[in-house]
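> Quick one: structure below, then a few questions.
The values are calculated or read from the model by the stated rules, or taken from the named source; none is laboratory data. Please read all numbers here as calculations on a predicted model, not as lab measurements. Quick reminder, even Gly has a Cβ in these numbers, built from the backbone with ideal geometry, and neighbours come from all protein chains shown.
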Amino acid sequence: MILVFSTAVISGFSIFINKYSVSVINPYIFTFLKNAIVALMLSSFIFLVKDRKLFAGLTKKQWLQLLIIGLVGGSVPFLLFFKGLSLTSAAQGAFIHKTMFVYAAVLAVVFLKEKINKEFIIGALLLLLGSLISLKALPTSFGKGDFLVFLATILWAIENLISKHVLKELAGRTVAWGRMFFGSFFILIYLGATGQLGLFGSLNAGQIGWTLIASVLLFGYVFTWYSGLKHVPLSIATAILIVGSPITTFLSALSGAKIGFNEVFSAFLILIGAVFVLGTRYLWQQIKTIIQAQLPA
């Protein structure tokens, strides 16, 4: 659970950094470079700790699963998401993306036989309400851009379902590597097919700097996420990711951005929703455990 919360915190920072990055660099080039750099970082880490047996013992079926994770989670949805964002508002696209945990929860119930209780439903409604309030205005249309973002969100939910299943046998860092390595491979094919490979030569020092910063955050994201997802129910893990939204709001406030009542109230509802998703009984038990650990024997 600590790893999943760490992912949410990293996500909050990443969204804050990425909104600047994609404004100064082609989003497809940006995504490819991030994925490729993180794949290299994960490869270096695995070989540094002499954990090469993670790859040596992989079966053909497991290689295929990693390939699918890279396709369904590390490449196609990114292309759909950025194209969709160019056709709709950033706020509406972000809201659609935040509904991913709903689809992931449905998939988890159907395919993983996870149980959804009343507290989770209350928490989910609070998370959705908090995300909706952050829009400042209710959505009045659902165009092509919204559909592309929605399709990307569905694919990410499916990828997390596949990853959760694969994590029964493989380590989190192996699945993270598969997503990044094969994801960057497929994006590179797309860049070549659309004649965008020449854009690499026009990158300047500032763009490379933003990419490196974003890559370090992405490394932390995938490393903690897949390691945590291995032990946490898919429905709960994906819901907790939305906690990153209030963190982004807080960082925006620190940077001088004007934060209104809507943003503050949205953050409050999301945090309360996360409490219900985790379960008040579970949280109370953890608090008691911490208190007892601090008391003298």
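> Just to be sure I understand the filter: pairs with C-beta atoms under 7 Å, separated by 6 or more residues or on different chains, first member in region 275-297 and assigned to a loop (DSSP other than H, G, I, E, B), second member at pLDDT 70 or above. Which pairs pass?
Filtered contacts from region 275-297: Gly279/Glu119.
> From (1) in a loop (DSSP other than H, G, I, E, B); (2) within 17 Å of Val222 (Cα to Cα), pick out the condition that doesn't hold for Val24.
All conditions pass for Val24, except number (2).
> Okay, moving on. Taking the conditions exactly as written (without any contact (Cβ under 8 Å) to a residue 24 or more places away in the chain and not in a helix (DSSP H, G or I)), does Ala253 satisfy them or not?
no
> Sticking with this structure for a sec: Among the residues of region 188-207, is any of a type outside the set (Asp, Glu), crowded, with 22+ Cβ neighbours inside 10 Å and either part of a helix (DSSP H, G or I) or at pLDDT 90 or above (or both)?
No: zero hits.
> Does His231 meet the test of being at pLDDT 95 or above, farther than 18 Å from Ala8 by Cα and out of contact with any Asp or Glu (no Cβ under 7 Å at 6 or more places or on another chain)?
No, not satisfied.
> Counting residues that are over 26 Å from Leu218 (Cα atoms), which helices (runs of 4 or more DSSP H) fully inside region 56-157 reach at least 3?
The helices (runs of 4 or more DSSP H) meeting that bar are 100-111, 118-133.
> Another question, if that's okay. Name the single residue, out of those in region 148-183 being touching a Lys or Arg at 6+ places or on another chain (Cβ under 7 Å) and touching a residue at least 60 places away in the same chain (Cβ under 8 Å), that is surrounded by the fewest Cβ atoms within 10 Å (Cβ to Cβ).
Checked region 148-183; the qualifying residue surrounded by the fewest Cβ atoms within 10 Å (Cβ to Cβ) is Leu167.
> Taking the residues in region 234-274 that are modelled with pLDDT of 90 or more and surrounded by fewer than 19 Cβ atoms within 10 Å (Cβ to Cβ) as candidates, determine which candidate is farthest from Phe16 (Cα to Cα).
Ile272
> Mind checking which residues of region 42-55 are part of a helix (DSSP H, G or I) and either surrounded by fewer than 19 Cβ atoms within 10 Å (Cβ to Cβ) or at pLDDT below 90 (or both)?
Ser43, Ser44, Phe45, Ile46, Phe47, Leu48, Lys53, Leu54, Phe55
> Does Tyr221 satisfy being in a helix (DSSP H, G or I) and either surrounded by 15 or more Cβ atoms within 10 Å (Cβ to Cβ) or under 18 Å from the mean Cα position of the chain (by Cα) (or both)?
Answer is yes for this residue.
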